[in-house]
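Student: Mind looking over this structure? Questions follow.
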Amino acid sequence: MKILLINPNRYHTPPVPPLALEYLENAIRLSEHECRICDLCFEDDPAHALDTAIDEFTPDIAGLSIRNIDTVLFENNIFFLDDFKGYVSQLKKKGVPLILGGAGYTFIPGGILEYLNADYGIEGPGERALVTALDMLEAGTLDTGTVIDGWEAGIDPDMPVLRGKSIDLAHYIKKGGLAGFQTQKGCLGHCHYCGEGVGQVFHRSPESIVNELNVLAKQEITDYHLCDAEFNQDLAFCHAFLEHLIEHGPKISWALYMRTGPYDERLFELLKKSGAIMLTISVPTGPDSIANAGKMIALAKKYELSVAVDLLLGFPGDTFDSVRADIEQMRSVAPDTVGVNATLRLAPSLPVTKTIMASKEHREHLAGKISDNPELILPVFYNHITVEMLKEIIGDDPRFRIEGFERTSNYERLKGSE
């Protein structure tokens with residue numbers, strides 16, 4: 001079977017290389033199937049580029065990678081799926097069936113499959129699941145509307161990864177993007193506000209990850225942002241990977257996301273030795289989580305790592321006074337920058353959505369299209385701590401930024417302050 005893997009993401013602030021498609025390409029390369037990547041990110045005429053790729057490659061099926069449904073932030077939200085509908089129409093006119101996947105697709109798999117009128121989907125990791133789908137399609141056993149469970153399929157932790165062949169990483173970097181890599185798939189958390197927590201993690205082997213980075217080093221790529229949900233899911237794995245990177249990997253500079261536990265001092269020592277320069281800690285509202293973040297910030301400073309915090313506020317039950325207390329506590333632990341977000345992007349599977357929808361009082365603080373939008377594909381936000389409230393609390397402290405008004409990442413903020 002021949003599959004055309006499509007990157008429809010044309011968001012340029014910053015442009016993000018389609019890492020998932022490179023991993024999928026490697027998995028397919030090791031199977032009996034064939035693939036080609038069509039990257040539309042920088043195309044002047046993406047529709048023409050897609051038509052050309054279809055005509056030249058004549059695929060049996062296409063795969064569309066959906067990284068994001070929208071920008072998630074309430075202020076200045078950008079919705080992406082309607083732009084993708086045009087690509088779906090092109091494929092249908094050419095008689096090419098379509099399978100969906102990606103982190104954004106996994107957020108609301110059934111709803112997005114219907115919204116885009118696609119044929120099949122993969123929820124979760126795609127490397128093994130996509131090869132399974134191609135085998136089934138070739139055998140005539142893949143029913144239209146099927147969503148394959150990538151969590152059940154898992155990953156090959158030792159899969160050899162050769163990158164930089166089909167994606168022009170140098171061009172992304174020239175345009176302000178940053179190369180990425182992954183050490184694991186999934187998240188052990190079950191946070192009531194987050195769709196990434198599936199309660200399981202598949203770790204790649206340290207050898208496979210470091211071999212991948214050595215391949216990229218030969219292409220003079222040395223700066224990275226880790227693309228894990230949160231790096232510190234399992235301390236033993238973190239230690240093993242970092243030790244292997246230090247001993248056998250190239251010299252790199254990299255940034256990463258972490259949760260407020262688990263951690264130990266050895267983790268921060270190894271991060272510094274491995275070339276890590278900055279980390280972002282995801283912190284939900286509440287004194288305990290901020291206190292844990294404070295201990296991590298102290299360790300990061302000891303090892304000269306820059307620290308950003310993504311501070312999520314405005315849950316049901318939060319008040320002006322509790323938010324003020326959280327922000328004052330965050331000031332005291334002194335990260336380098338704090339992105340403050342007090343709006344929740346709802347999805348039908350999230351426990352916090354059920355809490356909000358069950359309360360008339362909470363529903364009064366919803367913004368977005370509610371009617372004829374049962375799967376919440378179109379963005380619906382819960383917001384009862386307003387921007388004006390946040391501005392009053394934050395004052396003129398330059399470390400705090402209310403998310404949604406600047407199209408800059410934590411990485412860009414911290415690099416710009418150096």
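The values are calculated or read from the model by the stated rules, or taken from the named source; none is laboratory data. All values reported here derive from a predicted model rather than from experimental measurement. Quick reminder, even Gly has a Cβ in these numbers, built from the backbone with ideal geometry, and neighbours come from all protein chains shown.
Student: Can you name the number of the only condition in (1) under 27 Å from LYS415 (Cβ atoms); (2) in contact with a helix residue (DSSP H, G or I) (Cβ under 8 Å, 6 or more places away or on another chain); (3) surrounded by fewer than 16 Cβ atoms within 10 Å (Cβ to Cβ) that ALA20 fails?
Tutor: Of everything listed in (1) under 27 Å from LYS415 (Cβ atoms); (2) in contact with a helix residue (DSSP H, G or I) (Cβ under 8 Å, 6 or more places away or on another chain); (3) surrounded by fewer than 16 Cβ atoms within 10 Å (Cβ to Cβ), ALA20 misses just condition (3).
Student: Condition (residue is under 19 Å from the mean Cα position of the chain (by Cα), surrounded by 16 or more Cβ atoms within 10 Å (Cβ to Cβ) and either acidic (Asp, Glu) or modelled with pLDDT of 95 or more (or both)) applied to the range 44-56: is it met by at least one residue?
Tutor: Among the residues of the range 44-56, not one is under 19 Å from the mean Cα position of the chain (by Cα), surrounded by 16 or more Cβ atoms within 10 Å (Cβ to Cβ) and either acidic (Asp, Glu) or modelled with pLDDT of 95 or more (or both), which makes the answer no.
Student: Go through the range 365-378 and give me each residue that's touching a residue at least 12 places away in the same chain (Cβ under 8 Å) and either of a type in the set (D, E, K, R) or assigned by TED's automatic domain parsing to the domain that holds PHE79 (or both).
Tutor: If the condition is that a residue be touching a residue at least 12 places away in the same chain (Cβ under 8 Å) and either of a type in the set (D, E, K, R) or assigned by TED's automatic domain parsing to the domain that holds PHE79 (or both), then GLU375 is the only one that fits.
Student: Find the residue count for the range 275-316, including only residues that are under 19 Å from PRO262 (Cβ atoms) and small (Gly, Ala, Ser).
Tutor: Matching residues across the range 275-316 total 9.
Student: Here's something else I'd like to know. How do the helices (runs of 4 or more DSSP H) wholly within the range 63-121 filter down when requiring 3 or more residues that are closer than 21 Å to GLY197 by Cβ and assigned by TED's automatic domain parsing to the domain that holds LEU137: which remain?
Tutor: It comes to 103-107, 109-115.
Student: Condition first: crowded, with 16+ Cβ neighbours inside 10 Å and acidic (Asp, Glu). Now tell me which residues in the range 124-155 satisfy that.
Tutor: GLU127
Student: With out of contact with any Ser or Thr (no Cβ under 6 Å at 6 or more places or on another chain) and at pLDDT below 95 as the only criterion, which of GLY140, GLY164, GLY154, GLY150 stands out?
Tutor: After ruling out the rest, the residue left standing is GLY164.
Student: Moving on to the next point. Would you call ALA62 touching a Cys at 6+ places or on another chain (Cβ under 8 Å) and not aromatic (Phe, Trp, Tyr)?
Tutor: no
Student: Do you know which residues across the range 73-92 are out of contact with any Asp or Glu (no Cβ under 9 Å at 6 or more places or on another chain) and either closer than 30 Å to ARG401 by Cα or buried (at least 16 other Cβ atoms within 10 Å of the Cβ) (or both)?
Tutor: Residues satisfying the conditions are ASN76, ASP82, ASP83, PHE84, TYR87, VAL88, LEU91.
Student: Return the residues of the range 32-43 that are surrounded by fewer than 16 Cβ atoms within 10 Å (Cβ to Cβ) and either outside any loop (DSSP other than H, G, I, E, B) or among the small types (Gly, Ala, Ser) (or both); say none if nothing qualifies.
Tutor: Correct list: GLU34 only.
Student: Does at least one position in the range 361-380 carry a residue that is touching a Lys or Arg at 6+ places or on another chain (Cβ under 9 Å), surrounded by 16 or more Cβ atoms within 10 Å (Cβ to Cβ), at negative phi and not aliphatic (A, V, I, L, M)?
Tutor: For the range 361-380, residues touching a Lys or Arg at 6+ places or on another chain (Cβ under 9 Å), surrounded by 16 or more Cβ atoms within 10 Å (Cβ to Cβ), at negative phi and not aliphatic (A, V, I, L, M): present.
Student: A follow-up question, please. Which of the residues that make up the range 44-62 are part of a loop (DSSP other than H, G, I, E, B) and either of a type in the set (Asp, Glu) or without any contact (Cβ under 8 Å) to a residue 40 or more places away in the chain (or both)?
Tutor: Within the range 44-62, ASP44, ASP45, ASP60 meet the criteria.
Student: Would you confirm whether or not the range 139-162 contains a residue that is among the aliphatic types (A, V, I, L, M), assigned by TED's automatic domain parsing to the domain that holds LEU100 and part of a strand (DSSP E or B)?
Tutor: Yes - at least one qualifying residue is present in the range 139-162.
Student: Take the residues in the range 212-226 that are surrounded by fewer than 18 Cβ atoms within 10 Å (Cβ to Cβ) and not β-branched (Val, Ile, Thr); name whichever of them is farthest from ILE173 (Cα to Cα).
Tutor: This residue is ASN214.
Student: Among the residues in the range 341-353, are any without any contact (Cβ under 8 Å) to a residue 24 or more places away in the chain and out of contact with any Pro (no Cβ under 7 Å at 6 or more places or on another chain)?
Tutor: yes
Student: Against the definition (closer than 25 Å to ILE69 by Cβ and either modelled with pLDDT of 95 or more or touching a strand residue (DSSP E or B) at 6+ places or on another chain (Cβ under 9 Å) (or both)), how does VAL131 come out, yes or no?
Tutor: no
Student: I'd like to know if the range 256-265 contains one or more residues that are out of contact with any helix residue (DSSP H, G or I) (no Cβ under 9 Å at 6 or more places or on another chain) and more than 30 Å from PRO15 (Cα to Cα).
Tutor: Looking through the range 256-265, none of the residues is out of contact with any helix residue (DSSP H, G or I) (no Cβ under 9 Å at 6 or more places or on another chain) and more than 30 Å from PRO15 (Cα to Cα).
Student: Kindly indicate whether any position in the range 248-255 is at pLDDT 95 or above, closer than 22 Å to TYR23 by Cβ, more than 22 Å from the chain's Cα centre (by Cα) and among the hydrophobic types (A, V, I, L, M, F, W, C).
Tutor: So far as the range 248-255 goes, no, none of its residues is at pLDDT 95 or above, closer than 22 Å to TYR23 by Cβ, more than 22 Å from the chain's Cα centre (by Cα) and among the hydrophobic types (A, V, I, L, M, F, W, C).
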